[in-house]
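A short worksheet on the structure shown next.
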């Protein structure tokens, strides 16, 4: 394990602010809510999307822990598919009475760079804002994809807090594929 300084940016989109940008019409893209909790889907996406970016907090969770996590009433999981292949996902978590957090958001590596991040984030912000929430929040850090913060800012979100912490990280990324 190595210690690394990590900057975390906390962002919000307040009620009355509309997400910025036009979604790109991407052929074959479908975004659907998983109305049946599926721990294997969340686990797969967490590992496949986040492995390269040191998403490590839930790596050692058991199936039961994942099941308890996804079955909570305050969590929605949304999947994105392009031509039937999973390409990304997001989790919306009701935090406070009038705040929805985008708890996780990401695109599979092979689908990066074609406008999916922008389009799926716009959908996530629109869905989260439909519940009459006062604000939608998300956080990103210096370990995440280099375009993550810029994407959130380009959609109209603003940084309301930043901090730098020391975090213990594995010496290599916990990538989805071994080697």
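For the reader, a short list of remarks on this structure follows.
- Listed peptides 96-105, 25-34 by packing density, highest first (mean Cβ within 10 Å): 96-105, 25-34
- For the chain, projected area of the alpha-carbon convex hull averaged over all directions, nm²: 10.5 nm²
- Mean separation of Cα contacts under 8 Å, 6 or more apart, over the residue count of the range 1-113: relative contact order %: 24 percent
- When peptides 159-170, 144-155 are ranked by their average number of other Cβ atoms within 10 Å per residue, the highest-first order is 144-155, 159-170.
- Just checking the listed ones, 45, 22, 157: in the Gaussian network model of the chain with Cα springs under 10 Å, the one fluctuating most is 22.
Since every read-out is calculated from the coordinates, none of them should be taken as a lab result. Bear in mind that the values here come from a model prediction, so they are computed numbers and not experimental data. So basically every Cβ, Gly included, is an ideal-geometry build from the backbone, and we count neighbours across all protein chains shown.
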